[in-house]
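Colleague: My structure is below; once you've seen it, I'll send some questions.
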Amino acid sequence: MTASRPPSGAEELRGAGLRATAARVALLDTVRQGGHLGVEALASEVRRRIGHVSLQAVYDALNALTAAGLVRRIEPAGSPARYEGRVGDNHHHVVCRSCGAVADVDCAVGDAPCLTASESHGFTIDEAEVVYWGLCPACSPARST
């Protein structure tokens, strides 16, 4: 009996109907290893891994990966878009008001959507997005004393 292995980034891209270019594979891997990175940080890491890639190519690839459901785009208020590899669940985020650090927060109830809207206005609700705001441990006043 053979143990199954998770699909490679290239296999996932092909499975989603996307070309498995070196830049896309490196980008997918970077998003999954990084913690809620913005486009500039992602582009920098992809360049470190494979050499030159244009910022426009990174934006285009992120749009394709997001549309295919391989990465998730989050946009905390007042921040540029960030990308994460955790997809397919209904988790939320906590954002530091001072430094902008972002961390995942599991759904409080565990079922999607984990919040019940007081009024659906006829919508079929399938997801709830919550952003918690505060200060991370490094920025907390209690830390600086």
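Read-outs throughout are calculated quantities, based only on the coordinates presented, and are distinct from any laboratory measurement. Given the structure is predicted, the values throughout are model-derived calculations rather than measurements. No Cβ is skipped: glycine too gets one built from the backbone with ideal geometry, and neighbour counts run over all protein chains shown.
Colleague: For segment 49-96, which positions are in a strand (DSSP E or B) and not basic (Lys, Arg)?
Modeller: Ile74, Tyr83, Glu84, His92, His93, Val94, Val95, Cys96
Colleague: Can you tell me which of (1) farther than 21 Å from Gly15 by Cα; (2) touching a residue at least 24 places away in the same chain (Cβ under 8 Å) is the one Ala68 doesn't meet?
Modeller: Of the numbered conditions (1) farther than 21 Å from Gly15 by Cα; (2) touching a residue at least 24 places away in the same chain (Cβ under 8 Å), the odd one out for Ala68 is (1).
Colleague: Same structure, new question: Check segment 56-69 and report whether any residue there is more than 29 Å from Cys136 (Cα to Cα), surrounded by 13 or more Cβ atoms within 10 Å (Cβ to Cβ) and in contact with a strand residue (DSSP E or B) (Cβ under 9 Å, 6 or more places away or on another chain).
Modeller: There is at least one residue in segment 56-69 that is more than 29 Å from Cys136 (Cα to Cα), surrounded by 13 or more Cβ atoms within 10 Å (Cβ to Cβ) and in contact with a strand residue (DSSP E or B) (Cβ under 9 Å, 6 or more places away or on another chain).
Colleague: Take the conditions β-branched (Val, Ile, Thr), surrounded by 13 or more Cβ atoms within 10 Å (Cβ to Cβ) and touching a residue at least 40 places away in the same chain (Cβ under 8 Å) and apply them to Val102. Does it pass?
Modeller: Yes, satisfied.
Colleague: Another question, if that's okay. Please go through segment 13-44 and pick out each residue that is surrounded by fewer than 18 Cβ atoms within 10 Å (Cβ to Cβ) and closer than 27 Å to His93 by Cα.
Modeller: Ala16, Asp29, Arg32, Gln33, Gly34, Gly35, Gly38, Val39, Glu40, Ala41, Ser44
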